[in-house]
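Have a look at the structure below, then the notes.
Rule-based calculations on the coordinates, nothing more; no lab input. Just so it is clear, the structure is predicted and the values come from calculations on it, not from any experiment. FYI the Cβ positions are ideal-geometry reconstructions off the backbone, even for glycines, and counts take in every protein chain you see.
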Amino acid sequence: MIRGRILVIDGDEWLGRMLARVLQEKGFATDFRDDARSGFQRACDTLPDAIVCSIVLPDIDGFWVARRIRTEVGPVAKAPLVLVGDIADKDARIQGLQVGADVLLERPVSNEEIVAQVDALVSMARRFRSETPEAEQSTPSLAAAFRGDLSNFPLASVLMMLEMERRTGSLEVVSGAGKRAALMLSTGLFSSTELGGEPRPALEVLRDVLSWRTGRFAFRPRDVGSIPPPRGSIGALVLEAMRLEDERNNAAS
């Protein structure tokens, strides 16, 4: 049984086809393209369950592919996307999130790690859609609940997906050490945030929870009327929190 269709876009044909072969061995059907334009067109034509795209491509780059996919009209805009390449520079990481990547992986990275991220993304996307009548899926506040592990799915990607889907509900995050945070969302925007049971500004909470590498998260949908009015953009605050943490780490080093 095919676990999903994955599109691999990589300017290095050997690396790209090797990854496609490993994905096939794990039960995925795969397509491969070696440049940005044909990769984007293949994504629109086949509507893959996930896309793995190298940042370095011969004609344009992976950032262009991600931006085009996220701004395209239709279901391809929601395809989970992994960008792979040189993301050691904080500006590259920020750009990757700004154009809509769900996961950023720095090379060198093993195919096994890429496959694990793809598997987590495909499973997450299916949980978003599963067991929900079609009429309910069109209403973000009634979408299905889901949960996951921070070691397999970074919290920044979870938050960006919630913003893109314009979700309403509560996201509870528990670190591996047992520290807790609660983030209330209204139509894809922050409504209220707590850390350790105490109300805290969203930026302060994000600077803390985005550093948690182990732990778990759970999202539970709520009716829009039961949530306080939205106050802040998820994407903008996530990027600002990451920028501030990078500056603090650089100053400490």
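For this structure, a couple of remarks:
- Over the stretch 156-222, the reciprocal of the mean inverse Cα-Cα separation, the Kirkwood hydrodynamic radius, stands at 11.8 Å.
- Entry note, the chain: the mean residue ellipticity at 222 nm calculated from DSSP H runs of n ≥ 4, each adding -39500 (n - 2.57), is -12500 deg cm²/dmol after division by the residues and rounding to the nearest 500.
- Extreme residue, positive dipole direction of the chain, given options LEU83, SER233, ALA50 (C-beta unit charges): SER233
- Selected from VAL82, VAL118, VAL22 as most flexible by GNM, with the chain as the system and alpha-carbon contacts under 10 Å: VAL22
- Helix 62-71 axis, angle to the chain major axis (alpha carbon atoms, nearest 10°): 60
- Rounded to 10°, Cα long-axis angle of helix 111-129 versus longest principal axis of the chain: 60
- Tilt relative to the chain, helix 13-25 - C-alpha long axis, 0 to 90 degrees, to 10: 70
- Cα gyration tensor shape for the stretch 134-252, rounded if a/c is under 1.5, else prolate or oblate: prolate
- A full extension of the chain between SER110 and ALA145 corresponds to an added length of 9.5 nm, given 0.36 nm per residue minus the alpha carbon distance.
- For ASP102, net neighbour charge (Lys/Arg +1, Asp/Glu -1) across residues whose Cβ lies under 11 Å away: +2
- Charged-residue dipole, Cβ positions (Lys, Arg, Asp, Glu), the chain about Cα centre, Debye nearest 20: 620
- Gyration tensor (alpha-carbon) shape descriptor, the stretch 5-128, a/c threshold 1.5: rounded
- Under the combined filter of DSSP loop state and at most 11 neighbouring Cβ atoms within 10 Å, the stretch 147-253 retains these trypsin sites (Lys or Arg not before Pro): ARG213.
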